Amino acid sequence: MEVETDRARCFAVGNCAALAPAVFDQSDEDGTVVVLDATVPEAEHAAVREAALRCPASVITVHEHTPARHD
């Protein structure tokens, strides 16, 4: 999983940092989202999905990667 954000549209509410603090933080200057790790550790996948769903500005995009099949 990878995550990206659109800081220009961020409302600086902080749901993302509260729900997934290992992946998101807030800028000291304006409070907008800061991505700490764009390649999300597996243990944080559920929290990042929840953060994306609860973002009032819908600025979090989650890119799910499907494991390659080896038939």
Inset, instruction - Using only Cα positions of the chain, each an equal point scatterer, no hydration layer, compute I(q)/I(0) via Debye at q = 0.14, 0.18, 0.22 Å⁻¹ and quote the log10 values to two decimals. - result: -0.39, -0.60, -0.85
Inset, instruction - Find the accessible area per residue for the chain; the probe is 1.4 Å, ligands and nucleic acids are left out, and the unit is Å². - result: 65
Inset, instruction - Could you check how much of the accessible area of the chain is carbon and sulfur, as a whole percent, using a 1.4 Å probe? - result: 48
Inset, instruction - Would you mind finding the longest exposed-site-free stretch of the chain, with exposed GluC sites (Glu not before Pro) meaning DSSP loop and at most 15 other Cβ atoms within 10 Å? - result: 30-63
Legend entry - Dipole magnitude of the chain about its Cα centre (Cβ charges: Lys, Arg +1; Asp, Glu -1), debye to nearest 20: 260
Legend entry - trypsin sites (Lys or Arg not before Pro) within the chain: DSSP coil, no more than 13 neighbouring Cβ in 10 Å: 69
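The values are calculated or read from the model by the stated rules, or taken from the named source; none is laboratory data. Note that the coordinates shown come from a computational prediction; the quantities given were computed from them, not determined experimentally. Every residue, glycine as well, gets a Cβ built from its backbone with ideal geometry; the counts of neighbours run over all protein chains shown. Note: areas computed on protein heavy atoms with side chains; ligands, DNA, RNA excluded. Shrake-Rupley method; radii C 1.70, N 1.55, O 1.52, S 1.80 Å.
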